[in-house]
Amino acid sequence: MKVGIPKGLLYYKYYPFINTFLSELGVEIITSTDTNKNILNEGIKYCVDEACLPIKIFHGHILDIKDKCDLLIIPRFMRVREREFICPKFCGLPEMILCSIPNMPKVMTEPIYATSEKELYTWCKKLANMITKDKRKTKVAFNNALEEQRKTKFGIKDEGYKITIALVGHPYNLYDTFINMDIVKKLNKLGVGIITEEYVSEEQIKSEINTLFKRPFWTFASNSYGFTTSISKNKEIDGAIYISSFACGIDSVVIELIKDKLEGFPLLVLKVDEHTGEGGLDTRIEAFIDMIERKNNNEDNISTFRQHTSCS
């Protein structure tokens, strides 16, 4: 059996698990190609205009592999933490796909509640039942997949750079180099190192989230807020770049919460969609880094603006 996995959205965070699980079950895994211009253009043709860039791209990934597999996984992520949810578009993702793309193969659309091993195993059993009836094989595959996920190191932490920037945003915006136009490579070329939320402790992030009057319902929004506000207190971090998808309602809220909390900490918000030009993005990044360099070089200088000499 050939099982298709679209290389979009949370694939970048959970690919060790799903790839290992399916491999252990003995299926042939078909993944879509890395995101490119053709994937985007095809996705735009079939997706609703109001959707964010990552959702449009996901449609393109579906189109890339739907005719190459017997079973296609459309991940309906609901929760990865208790009392929180993923983006609303994830909840209705299978319906968006099935209503807009014709001639689909057999699909797996069961909701994923990954708040515990038990909940995740429930989803895995439903997927495995579409492939094999061997329960022991399913359990072994699940355990091996969990182990592979746990030992895989995620995130970025560059060292040896004069300037270090926190890169903030949803995982698919940070790790899909087509969406972010290979921003990590651009920053490294400018002599700037990167750190992502995986290198800040969960306790630090939770501590910052708990300062809010009301805890956000959305997992990635909570992480972005906690990470950015926490890292702003670290003197070794010079600023933050938040990569956000245009039309992302969750980001529009959390970015304002972050701005309200930061005091004098450099923050650049980059909104991306299918119309974003690389030249404009490069200019904004370069200007932001120039500002940080000037700030660092002059932080010990006291401005003479409005200083007066008394006359006696």
Worksheet item: When the chain is modelled as a GNM with alpha-carbon springs shorter than 10 Å, which of Thr229, Thr211, Thr115 fluctuates the most?
Response: Thr211
Item to complete: May I ask you to sort Phe227, Phe178 by Cβ crowding, counting other Cβ atoms within 10 Å and putting the fewest first?
Response: Phe178, Phe227
Practice prompt. Enumerate by residue number the trypsin sites (Lys or Arg not before Pro) in the stretch 148-203 meeting two conditions: DSSP loop (anything except H, G, I, E, B), and at most 13 other Cβ atoms within 10 Å of the site's Cβ.
Written response: Lys153, Lys162
Practice prompt. Calculate the length of the line joining the C-alpha centroid of the stretch 119-151 to that of the stretch 220-244, in whole Å.
Written response: 35 Å
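My understanding is that a pair violates if its Cα-Cα distance is over 26 Å; which of Lys56/Lys185; Lys189/Lys235; Lys66/Lys126; Lys66/Lys157; Lys118/Lys214 do that in this structure? Walk me through the numbers on the way to the answer.
Working: Lys56/Lys185 24 Å; Lys189/Lys235 22 Å; Lys66/Lys126 20 Å; Lys66/Lys157 36 Å; Lys118/Lys214 29 Å.
Cα-Cα > 26 Å for Lys66/Lys157; Lys118/Lys214; rest within.
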Item to complete: Please identify every one of the trypsin sites (Lys or Arg not before Pro) in the stretch 97-142 that sits in a loop by DSSP and has no more than 13 other beta carbons within 10 Å of its own beta carbon.
Response: Lys133
Worksheet entry | Using alpha-carbon coordinates, inclination of helix 278-297 to the longest axis of the chain, degrees | 40 degrees
Practice prompt. Springs between alpha-carbon atoms under 10 Å, Gaussian network over the chain: tell me which of Asp34, Asp176, Asp64 tops the mean-square fluctuations.
Written response: Asp34
Practice prompt. For Lys118 and Met291, compute 0.36 nm times the residue count separating them, minus their Cα-Cα distance, and round to one decimal in nm.
Written response: 57.4 nm
Response to the item:
The relative contact order of the chain, taking Cα pairs under 8 Å that sit 6 or more residues apart, comes to a percentage of 17 percent
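By how many nm would the segment from Arg215 to Glu159 grow when fully extended, if each residue of separation counts as 0.36 nm and the alpha-carbon distance is taken off?
Numbers: separation 56, 0.36 × 56 = 20.16 nm, distance 3.29 nm.
Roughly 16.9 nm would be gained on extension.
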Item to complete: Please work out which option in [x] 140; [y] 191; [z] 154 gives volume of the Cα convex hull per residue in Å³ calculated from these coordinates, and answer with its label.
Response: [z]
Practice prompt. Convert each backbone phi in the stretch 112-123 into a coupling constant with the Karplus relation 6.51 cos²θ - 1.76 cosθ + 1.60 (shift: θ = phi - 60°), then list the ³J(HN,Hα) values in order as whole Hz, x for Gly and Pro.
Written response: 10, 10, 9, 7, 7, 4, 4, 5, 5, 5, 4, 5
Practice prompt. May I ask you to list the residues of the stretch 51-76 whose amide nitrogen lies under 19 Å from a point 7 Å from Cα along the Cα→beta-carbon direction of Ile44?
Written response: 51-64
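Values quoted throughout were computed directly from the atomic coordinates according to the rules given, and no laboratory measurement underlies them. For clarity, every value in this text was computed on a predicted model and none was experimentally measured. Cβ atoms come from the backbone with ideal geometry, glycine included; neighbour counts cover every protein chain shown.
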